[in-house]
Structure formats: C-alpha cells, structure tokens
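Scroll down for the structure; my scribbles are underneath it.
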Number of protein chains: 2
Amino acid sequence: MARSKKGRQTRERLFTTALALFREHGFEATTMRDIANGAGMALGSAYHYFPSKVAMVTAYYDQTLDADEERADAAIAAHESLPERLSAFLHAKLRALEPDQRMLSDVFKYTADKTSAAGVFNEDNREIRARAVAVFERLCDTGELKGHALELMPTLLWSTHMAVMLYFVHDDSPRQDRTHALIDGGVEALGPFIALAKTPLLTPMLDHIQKTLSDAGLLKS
Amino acid sequence: MARSKKGRQTRERLFTTALALFREHGFEATTMRDIANGAGMALGSAYHYFPSKVAMVTAYYDQTLDADEERADAAIAAHESLPERLSAFLHAKLRALEPDQRMLSDVFKYTADKTSAAGVFNEDNREIRARAVAVFERLCDTGELKGHALELMPTLLWSTHMAVMLYFVHDDSPRQDRTHALIDGGVEALGPFIALAKTPLLTPMLDHIQKTLSDAGLLKS
DNA sequence: CGCATTTATTGAACGCGTTCGATAAATGGT
DNA sequence: ACCATTTATCGAACGCGTTCAATAAATGCG
C-alpha cells in the first residue's frame, strides 16, 4: 500500500482528512464513508491505505510519539532533576493534546485491547511501546537514581503516565485543570521518594519488586 | 424488562445461554443471533431483556462480585494479616476465573470504555465499583494500617488487582502460573511496606498522595 | 515502445449489533 | 369475566466496519 509517490500523497490526504474529522466529531461518530468521501475516494479505496479504522489511530499515536520525544528533549535541556523534567514534559504534553481530548476519549478503550491495531499490548506495536518507555528512561537519566530503582522507574512512570492519560481524556474541568493538578501532586511526591530511595531503607523492597516484575516480563528486556 | 415471573425465567435462560456460548467460543465470536437462537427466541426478543450485548457482561460482573465478596469472607476468616488475606483472595479468584479467561480476554477492553455498559468508569456502574473497592476495604481492616495509609490502601489494591486481571487474561502460561507468581511477588513486597508505613518515614509522603488523589476524586467519597 | 506486473480504485455485498413498529400474550383492577 | 394496560415476542430494516472480485492506471523492464 502507498508504494508509489502518488500513493504516499493519497495516503497522507486520507490520514489528514480522517484526523480532522476525528477531532471535529469524535472517532466513533466519524464513518469510514465520511473519511473516504472527504478525501475524495470510494469507500473501498481507503482500505488500500489503512487496514482498519483504528489503524489510522495507530498512525496518530506514532505521530504523537515523535512529539513526545521532542518534548522530552526540551524538558531534559531545561531541567536537571527528574521531578522538574517530568512536570515540564507532562504539562506540555497535556496542553498539546487539548484539541484531541474528545477523539482520545473515544479511542482510549482500544488501548487495552490486545487484538486492536491501537492496542498497547498488540505485538505489532512492540516498537511503539519500547519508544514510549525509552522517553521516560531518558527523563530518568539524571544521576538521582541508581540500581534497581533506576531500572524500575521508567516503566513505573510510563504506566502512571498512561493512567494520567486515562484521567485526562475524561476530565471535563476547564482547561483540564484537574489533570494538571493531579500531575503536580504526583510530581511532588516524587522528591521524597527519591530521597528515600537513596537510603538503604527501600533497597530490599525495590530489589524484590524489580525481580518480580522482571520475571513477569513487565520490565524492558 | 423481565417484570413477570415468566419474564424472569426467560431472562435467566437467556443469560445462561449467553454465558455458556461466551465461555465456549469467546465473546466476540458469539453472535446475538446465536444467543437468541440458543435460548429459543427471536433476535429482537433478546433486547427486551438486555439493552446490549455487553450488558450481559455487566450481569456477569455482578455475579463475579458476589463471588468476590464470599472469597473475601473466607480470606478474612482464615487469615489475620493483610498479605495473607490478599494472597488467599487473589489466588482463589484466579482459580475460579480460569474457565472464563478466554471470554474475559475478549471483554476486558470494554473496562476502559466510559460509554460501555461494562465500563468501570461508567456512571451506571458506580455501585459495582463501590462494592469492588469495599471488598478491599474489608481485607485491609486488620489493624496493621492507620491514618492515610489505611485510606489509600483499598483503592490502591483495587487498581493493582485490575492490573493483575489484565495480566491474567493475556497469560498463556500453563494454569496461569505466571500470574500466580506475579501475585506472590507483589504480596511479598507488602509486608516490608506495612512495616515502613508504621514508622513516621512515609507519613508525609502518604499524606500528600492521599490529598492529591482525594482532590482528584479518585478515592472513595 | 510494448507488455507483464504491480499498485490504485471502485462499488456491491456480508455479517454484525442494534432499532423499530406491529402483534400477541399476560396481568390486574372492578 | 371483561377490558385497559403492561409485558413479551417477532422479524424486517438500518448503519456500520470490513471484504472482495473486478477493472483501471501506473510502473518497470527488454
């Protein structure tokens, strides 16, 4: 699909049309017939470029991940400490996704679906998942954490970040103030945690958790 | 729907048929036409008793919750400490849900869908959610925890339990051994945590987390 | 250029969950 | 026992995502 130059253009046009309609009317309310129509082609043709409707969302996720990496770069350049970096990264991401909130609230459910093209646990999305965790690995690389705490933190933060996203897509407070407050609260708890992780108090516990999650295949590698 | 005596019987027959088919062929592979047919009625009649296909899953969740409460009773009667209670409860639940794993793996995605009848965050399921958290409240009522730690723990455990369920439905290891191992690992980390929570070391951090989550409306009440 | 192969495009058709208006059966009050 | 109202049952129809066989257009190679 989309192997020729014209093909790539058509695919691009289709994707742009789809995204615009998703943003305007939501994912579920937008029909494949609407999308094909809006892009000036027949229904069947759309399936030449995307194997399914949700596959378009996967493409959107890919795009969002590019933006995430840039936001991480900016946060790393601007801040030395993990809490500050996290705060900057998450607030920036949320602000950027503000126009997409409605479409995301429709679409978030596919995340938990292993068979969906937009599912985080879909084998086809292994690379996307790895890149997403890698973003948090880089944010964590401040020298504050060591050993198993450092191994755990990226995956932990990624999971929490997914939970925050779930909260975000359903947050109807003005400008999503509640989600921003949730982030602030969570980030503030991180400082004391890092301080504790430096003492030997938490070490045995963190070692054990690291081993358990690692055995379960939930940590990278 | 199902207001007369015969009506209740028909509804029961429909539900039993649906559940049997879900367990045998999975949720997605089972058609409303299959269900109606198997229960000896026309397609349209099924919708007189359940407003949608997933609504049948909600009824199943309700049933599972009854069983959860009984399992909690048993765990509380048999064990004094939170880790032991949790371990007993979770292992028992997993063993009981073993035959439903396939259907649950189809169905888990609706959990994150706020508009789905089977969604945890659906307003219509507020009571189900409250009952689910209440199970963990009772498990936590051992005297080991106090203050904000005691307020946090039930919701924390419920969330983790949901994550474990997500792991479970996709666990293809024999007899879901990996999920059971994950539970054991998680429960073992709980003892050290409780010990720490008794010292004043964690108190400020837990207080802060409690306030943040409470402000976000994520804690009970 | 000519031609085989690949890529692009089409619209009808399918299966699904769901909706709907019509009709039959059961119920309850007098 | 009668009739008004509620409950139950039916099957056709709708809208959706998706599939498919057919055809057109573009491409690349000798």
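Quick note: the coordinates plus some simple rules give every number you see, no bench work behind them. Just so we're clear, the structure is a prediction, and the values are computed from it rather than from any experiment. For neighbour counting, all protein chains shown are included, and Cβ atoms are generated from backbone atoms with ideal geometry for every residue, glycine included.
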Considering only C-alpha atoms, what is the centroid distance from the range B:59-132 to the range A:26-54, in Å?
38
Distances in nm between the label point of A:Phe121 (7 Å along Cα→Cβ) and its equivalents in the other copies, shortest first, are 1.8
Could you tell me how many cubic angstrom of Cα convex hull volume chain B has per residue?
129
Exposed-loop cut sites defined as trypsin sites (Lys or Arg not before Pro) in DSSP loop states with at most 12 other Cβ within 10 angstrom; longest site-free run of chain B spans B:4-145
Counting other Cβ atoms within 10 Å of each Cβ, which GluC sites (Glu not before Pro) in the range A:47-156 have at most 14 and sit in a DSSP loop?
A:Glu80
Checked against the positive end of the charge dipole of chain A (+1 on Cβ of Lys and Arg, -1 on Cβ of Asp and Glu, about the Cα centre), the farthest of A:Thr212, A:Ala75, A:Gln63 is A:Gln63
Between 0 and 90°, nearest 10: helix A:126-140 axis offset from chain A longest Cα axis
40
Can you pull the Kirkwood radius for the range B:1-50, inverse mean 1/r over Cα pairs, to one decimal in Å?
10.7
Computed magnitude of the charge dipole of chain B (debye, nearest 20; Cβ of K, R +1, Cβ of D, E -1):
820
Given the pairs A:Lys53/A:Lys109; A:Lys6/A:Lys53; B:Lys146/B:Lys211; B:Lys53/B:Lys109; A:Lys211/B:Lys93; A:Lys146/B:Lys211, which span a C-alpha to C-alpha distance of over 18 angstrom in this model?
A:Lys6/A:Lys53; A:Lys211/B:Lys93; A:Lys146/B:Lys211
Using the 7 Å Cα-to-Cβ label point, sort the distances from A:Asp207 to its equivalents in the other copies shortest first and give them in nm to one decimal.
3.2
Using the Cα centre of the protein assembly as shown as the reference point, and only Cβ charges (+1 on K/R, -1 on D/E), how large is the resulting charge dipole? Debye, rounded to the nearest 20.
1420
List, shortest first and in nm to one decimal, how far the label point of B:Ala163 (7 Å from Cα along Cα→Cβ) is from its counterparts in the other copies.
0.6
Is there a quick way to get the dipole size of the range B:99-174? I mean about its Cα centre, with the Cβ of Lys and Arg at +1 and of Asp and Glu at -1; what is the value in debye to the nearest 20?
100
Given charges at Cβ of Lys, Arg, Asp, Glu: the range B:1-50 dipole, positive-most of B:Ala46, B:Ile35, B:Leu21
B:Ala46
Radius of gyration and maximum dimension Dmax of the range B:177-221, Cα, Å
14.2, 38
Given axes a ≥ b ≥ c from the Cα gyration tensor, I'd like to know whether the range B:34-104 is rounded (a/c under 1.5), prolate (a/b larger than b/c) or oblate.
prolate
Calculate for chain B the 222 nm mean residue ellipticity that helices alone would give, adding -39,500 (n - 2.57) per DSSP H run of length 4 or more and normalising by residue count, nearest 500 deg cm²/dmol.
-23500 deg cm²/dmol
Given the convex hull of the Cα atoms of the protein assembly as shown, what is a quarter of its surface area in nm²?
23.9
